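*Asks:* First the structure, which I've put down as structure tokens, then a few questions once you've had a look.
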Amino acid sequence: MKHTIALCSILLLVCSNPIQSQPTVVIGGGASTTNESLNAQLGSEVYWSMNGLTVGFRIASSLAIPTRVESNTGASGWVFEEVDGSSTLTTLTGILGWTFRVDRTRLSILGTIGGANITHRRKELDYESDTVVVSYANPTWTYGAMLDLSYKLTDQWSLHLGAGYDHIESTRPMVENEPPAKSYRAVFAGPQTWCRLGVGFSPFDSALIDPLRPAGKRKQWFVGASIGSIHPFEPNRYNEFNPGLFTQYRFTSERNPWFAEVGGYQYSMADVALYAGGGILFTIAPEFFASEFLKVGLFGGVLAAQAQSGLVLTPVLSPRIVVETHLGTVSVVIIPAWESTAFGLTYAIPIW
């Protein structure tokens, strides 16, 4: 979480001059290889290209990765034993690089760094011989590189062919013994290569906002990523990595807009949640700050959570604090629940 706070501090200290940029949203699918297995992958990128310089984020999920059980006697290294269940690998990475253009063709060379969450699920017998689903997650860091070759079909629509490499190491000890007795470990995911075919959308106008003056360029459509959350009031305080994707539409370009928002993310280690709803944002003291960068808001809606116990529907009423910068919108979302109250962090790129 400290790395996330540092990243947001950099976003808040960007230059005060308006920046011109063309945003792009890419949605696609393809294949990935990890744990010696070929897997389906779904992914999305949201980025700006600013006179060549390209920044944004990527979120992708590789499905049904076999979980490898390996043994080691201390003499020959780790040896494959069996497959035990499967995992879903979700990565959320920032992207930074350069885009080269020739007419309607573009080639982006990008570096990536961020986090990965490997959700493992398997069926086993409990003490009463009932079949139960065991699920948990193993978050870790990831870094790598990617290439994206695109062709502009129209001024707004484009085709994208991408490939990349993510360095990931996700293992968990199972049994530890002194050699020559066998030790065992579970390997959820290893280094990953991937390729994907996608469709891109780019609005006509520049999307970067100018929040440093009242009546500046107010954007209405945002696409963002949920990053993580902290739980400071729990008896045993803990942080979570919550990779997810959402979109927000503000119904007007007025100073205090109503908005609708839908999204999904991973929470409580291995559980998945989808939510939908709406709310309102209020700009704080724009004349005093000579800026519209600071907002507070209230969101209400419904949360559908897929937990180990099954599907759960919960009403949601959540305040939020929003800081708008030239490079996007950073929000702190408050999820009130007494001592389980959480503070979530999201980042969104204005699209239109």
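*Asks:* Can we say L159 is within 23 Å of the chain's Cα centre (by Cα), surrounded by 15 or more Cβ atoms within 10 Å (Cβ to Cβ) and not polar (S, T, N, Q)? Working first, answer last.
*Replies:* On the way: within 23 Å of the chain's Cα centre (by Cα): yes; surrounded by 15 or more Cβ atoms within 10 Å (Cβ to Cβ): yes; not polar (S, T, N, Q): yes.
So L159 passes the test.
*Asks:* A follow-up question, please. Take the conditions modelled with pLDDT under 95 and outside any strand (DSSP E or B) and apply them to E124. Does it pass?
*Replies:* no
*Asks:* If T91 satisfies every condition in (1) assigned to a strand (DSSP E or B); (2) modelled with pLDDT under 90; (3) in contact with a Pro (Cβ under 8 Å, 6 or more places away or on another chain) but one, which is the exception?
*Replies:* Among (1) assigned to a strand (DSSP E or B); (2) modelled with pLDDT under 90; (3) in contact with a Pro (Cβ under 8 Å, 6 or more places away or on another chain), T91 violates only (2).
*Asks:* I'm checking my understanding of the structure. Among residues of segment 148-179 that are among the acidic types (D, E) and closer than 22 Å to Q192 by Cβ, which one is modelled with the lowest pLDDT?
*Replies:* E169
*Asks:* Moving on to the next point. Could you please tell me which pairs satisfy a Cβ distance under 7 Å, a separation of 6+ or placement on different chains, a first residue in segment 287-300 that is farther than 12 Å from P257 by Cα, and a second residue that is part of a helix (DSSP H, G or I) and of a type outside the set (V, I, T)?
*Replies:* Taking only residues 6 or more apart or on different chains, the pairs are E292/P286.
Condition check ((1) in a loop (DSSP other than H, G, I, E, B); (2) in contact (Cβ under 8 Å) with a residue 12 or more places away in the chain; (3) over 24 Å from the mean Cα position of the chain (by Cα); (4) not assigned by TED's automatic domain parsing to the domain that holds T346) across all residues:
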site	(1), (2), (3), (4)
V46	no, yes, no, yes
T54	no, yes, no, yes
R58	no, yes, no, yes
S62	no, yes, no, yes
T67	no, yes, no, yes
S71	no, yes, yes, yes
A75	yes, yes, yes, yes
G85	no, yes, yes, yes
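*Asks:* Among what's in segment 306-329 and is touching an Asp or Glu at 6+ places or on another chain (Cβ under 8 Å) and in contact (Cβ under 8 Å) with a residue 40 or more places away in the chain, pick the residue that is farthest from Q220 (Cα to Cα).
*Replies:* Result: Q308.
*Asks:* Specify which of the listed residues (T283, T329) is more than 19 Å from S229 (Cα to Cα) and of a type in the set (S, T, N, Q).
*Replies:* T283
*Asks:* Of all residues being assigned to a strand (DSSP E or B) and in contact with a Lys or Arg (Cβ under 9 Å, 6 or more places away or on another chain) in segment 182-219, which is modelled with the highest pLDDT? Just the residue, please. Can you show your working first?
*Replies:* Of segment 182-219, the ones assigned to a strand (DSSP E or B) are 183-189, 192-201.
Those still in the list that are in contact with a Lys or Arg (Cβ under 9 Å, 6 or more places away or on another chain) too: 185-188, 200.
Details: R185: 88, A186: 86, V187: 88, F188: 87, G200: 96.
It comes out as G200.
*Asks:* Given the options A276, A304, A285, name the one that is modelled with pLDDT of 85 or more, under 24 Å from T24 (Cα atoms) and surrounded by fewer than 16 Cβ atoms within 10 Å (Cβ to Cβ).
*Replies:* A276
*Asks:* Could you check how many residues of segment 241-263 are crowded, with 16+ Cβ neighbours inside 10 Å and without any contact (Cβ under 8 Å) to a residue 40 or more places away in the chain?
*Replies:* Going through segment 241-263, the residues crowded, with 16+ Cβ neighbours inside 10 Å turn out to be 241-250, 257, 259, 261, 263.
Then keep just the ones that are without any contact (Cβ under 8 Å) to a residue 40 or more places away in the chain; that gives 247, 249-250, 257, 259, 263.
Number of matching residues: 6.
*Asks:* Further, regarding this structure: Would you mention how many residues in segment 164-181 are in a strand (DSSP E or B) and over 30 Å from F57 (Cβ atoms)? Quick ask: steps written out before the conclusion?
*Replies:* Filtering segment 164-181 down to residues in a strand (DSSP E or B) leaves 164-167, 170-175.
From what is left, the residues that are over 30 Å from F57 (Cβ atoms) are 173-175.
Looking only at that region, the number is 3.
*Asks:* Let me ask you something else. If you check F233 against the conditions, is it of a type in the set (A, V, I, L, M, F, W, C), closer than 17 Å to A348 by Cα and in contact (Cβ under 8 Å) with a residue 40 or more places away in the chain?
*Replies:* Spelling it out, it is not the case that F233 is of a type in the set (A, V, I, L, M, F, W, C), closer than 17 Å to A348 by Cα and in contact (Cβ under 8 Å) with a residue 40 or more places away in the chain.
*Asks:* Here is a follow-up. Go over the candidates N39, N35 one by one and state the one that is touching a Pro at 6+ places or on another chain (Cβ under 7 Å), crowded, with 21+ Cβ neighbours inside 10 Å and not basic (K, R).
*Replies:* Being touching a Pro at 6+ places or on another chain (Cβ under 7 Å), crowded, with 21+ Cβ neighbours inside 10 Å and not basic (K, R) holds for just one of N39, N35, which is N35.
Let's see how each residue does on (1) modelled with pLDDT of 90 or more; (2) touching a Phe, Trp or Tyr at 6+ places or on another chain (Cβ under 8 Å); (3) not assigned by TED's automatic domain parsing to the domain that holds L42:
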{"residue": "L96", "(1), (2), (3)": "yes, no, no"}
{"residue": "A116", "(1), (2), (3)": "yes, yes, no"}
{"residue": "N138", "(1), (2), (3)": "no, yes, no"}
{"residue": "T142", "(1), (2), (3)": "yes, no, no"}
{"residue": "M146", "(1), (2), (3)": "yes, yes, no"}
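*Asks:* From V26, V69, V102, V83, grab the single residue that is within 23 Å of A145 (Cα to Cα) and touching a strand residue (DSSP E or B) at 6+ places or on another chain (Cβ under 8 Å).
*Replies:* It is V26.
The values are calculated or read from the model by the stated rules, or taken from the named source; none is laboratory data. Nothing here was measured: the structure is a model prediction, and the numbers come from that model. As a convention, Cβ positions derive from the backbone with ideal geometry for all residues, glycine included, and neighbour counts pool all protein chains shown.
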